[in-house]
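Written out below as structure tokens is the structure these notes cover.
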């Protein structure tokens, strides 16, 4: 069995998920917990399938996968996958999401 790449979350992407979970938790703590687990599971798929997502139409060096109404932006590197942002799909794309360093 081939060893996958490490999936690394930038602090900014973790903060994105925490913010989304906080909003969902206002209505349902259980739904917020399910969402957080589902996002982590979806991102972990990239370890063995780094090209699972499509090329980001706004930044060719980035990729994106969809989870429900949310988009996970990431970049593929030799030994790791970097999760750069998690945002609601209705938001207008902001290039700084992909430029965040931490």
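FYI, it's all coordinate maths here, none of it is from the lab. Model, not experiment: these values are computed from the prediction. Quick reminder, even Gly has a Cβ in these numbers, built from the backbone with ideal geometry, and neighbours come from all protein chains shown.
For segment 6-28, the set of residues classified as surrounded by fewer than 17 Cβ atoms within 10 Å (Cβ to Cβ) and in contact with a strand residue (DSSP E or B) (Cβ under 7 Å, 6 or more places away or on another chain) consists of 6, 8, listed by residue number.
Listed conditions (1) touching a strand residue (DSSP E or B) at 6+ places or on another chain (Cβ under 8 Å); (2) within 22 Å of residue 77 (Cα to Cα); (3) in contact (Cβ under 8 Å) with a residue 60 or more places away in the chain are all met by residue 53, apart from (3). Taking residues in segment 56-84 that are on the phi > 0 side of the Ramachandran plot and without any contact (Cβ under 8 Å) to a residue 60 or more places away in the chain, and partners anywhere that are surrounded by fewer than 19 Cβ atoms within 10 Å (Cβ to Cβ) and outside any strand (DSSP E or B), the pairs with Cβ atoms closer than 9 Å and at least 6 places apart or on different chains are 68/38; 68/89. Just one residue in the set 34, 82 is surrounded by 12 or more Cβ atoms within 10 Å (Cβ to Cβ) and within 11 Å of the chain's Cα centre (by Cα); that residue is 82. Within segment 50-70, is even one residue surrounded by fewer than 17 Cβ atoms within 10 Å (Cβ to Cβ), under 23 Å from residue 3 (Cα atoms) and more than 14 Å from the chain's Cα centre (by Cα)? Within segment 50-70 (the criterion being surrounded by fewer than 17 Cβ atoms within 10 Å (Cβ to Cβ), under 23 Å from residue 3 (Cα atoms) and more than 14 Å from the chain's Cα centre (by Cα)), the answer is no, since none of the residues qualifies.
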